[in-house]
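Notes follow once the structure below has been shown.
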Amino acid sequence: MSQGPEGYDAGPYVPEGAGLRALRDAAAGCQGCPLYREATQTVFGAGDTSARMLLVGEQPGDQEDRQGRPFVGPAGGVLDRALGEAGIDPEGTYVTNAVKHFKFEPARRGKRRIHKAPDLKEIRACKPWLAEERAAMHAGLVADLKVAARLLG
Ligand code: SF4
């Protein structure tokens, strides 16, 4: 089953049938693709684990990578405003990302890190984590925020 480190598959790192806490702990050690190398830490999902609404972004950003929580940077502010306008309490949602490590490239000048979109291989590699989050939560509604942003934008 195991493809070993960097085999572009998180599957070997995912404990079967685990709850969200065990999944989060296991994801901290994931080396299912090369993105773990440069990122600060795995950014697993967070929020109300009994929520009926699971919101899925693309990947953590700079602030999320530093703080280890999803949607705490500028995207989180946008999301909170959008939820507020829709009459949805952010506290009653669970948020996560399709890819759990921050992908970036260094700015040509200074120390800024520039977001790079994950490629399909990385999204596929990370998919087992999202699949287990969904299975552990029993959320009734799964919203792809990237798709939603395209629709709204
Ligand atoms: S991005 Fe996903 S598959 Fe790649 S190392 Fe991080 S948690 Fe594992």
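Residue-wise test of (1) under 18 Å from Val142 (Cβ atoms); (2) touching a strand residue (DSSP E or B) at 6+ places or on another chain (Cβ under 9 Å).
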{"residue": "Gly29", "(1), (2)": "no, no"}
{"residue": "Arg37", "(1), (2)": "no, no"}
{"residue": "Gly57", "(1), (2)": "yes, yes"}
{"residue": "Pro70", "(1), (2)": "yes, yes"}
{"residue": "Gly77", "(1), (2)": "no, no"}
{"residue": "Asp80", "(1), (2)": "no, no"}
{"residue": "Lys111", "(1), (2)": "no, no"}
{"residue": "Ile114", "(1), (2)": "no, yes"}
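Checked across region 81-90, the condition of being of a type in the set (Val, Ile, Thr) and part of a loop (DSSP other than H, G, I, E, B) holds for at least one residue. For region 13-50, residues that are surrounded by 15 or more Cβ atoms within 10 Å (Cβ to Cβ), more than 8 Å from the ligand (Cβ to nearest atom), assigned to a helix (DSSP H, G or I) and not hydrophobic (A, V, I, L, M, F, W, C) total 1. Just to be sure before I move on: is Ala143 assigned to a helix (DSSP H, G or I) and either within 16 Å of the ligand (Cβ to nearest atom) or not polar (S, T, N, Q) (or both) in the structure I sent? Spelling it out, it is not the case that Ala143 is assigned to a helix (DSSP H, G or I) and either within 16 Å of the ligand (Cβ to nearest atom) or not polar (S, T, N, Q) (or both).
Taken over region 96-117, the residue count meeting the criterion of being among the aliphatic types (A, V, I, L, M) and within 16 Å of the ligand (Cβ to nearest atom) is 3.
Suppose we filter Val72, Val78, Val95, Val56 for residues that are over 19 Å from Tyr8 (Cα atoms) and surrounded by fewer than 17 Cβ atoms within 10 Å (Cβ to Cβ); which single one remains? Just one listed residue meets the conditions, Val78.
Criterion applied to Glu105, Glu91, Glu133 was being in contact with a Ser or Thr (Cβ under 7 Å, 6 or more places away or on another chain) and either modelled with pLDDT of 90 or more or under 21 Å from Ala27 (Cα atoms) (or both), and the one residue passing it is Glu133. Tally time: how many residues in region 116-140 are outside any loop (DSSP other than H, G, I, E, B) and surrounded by 15 or more Cβ atoms within 10 Å (Cβ to Cβ)? Residues in region 116-140 being outside any loop (DSSP other than H, G, I, E, B) and surrounded by 15 or more Cβ atoms within 10 Å (Cβ to Cβ): 14 in total.
The values are calculated or read from the model by the stated rules, or taken from the named source; none is laboratory data. Just so it is clear, the structure is predicted and the values come from calculations on it, not from any experiment. So basically every Cβ, Gly included, is an ideal-geometry build from the backbone, and we count neighbours across all protein chains shown.
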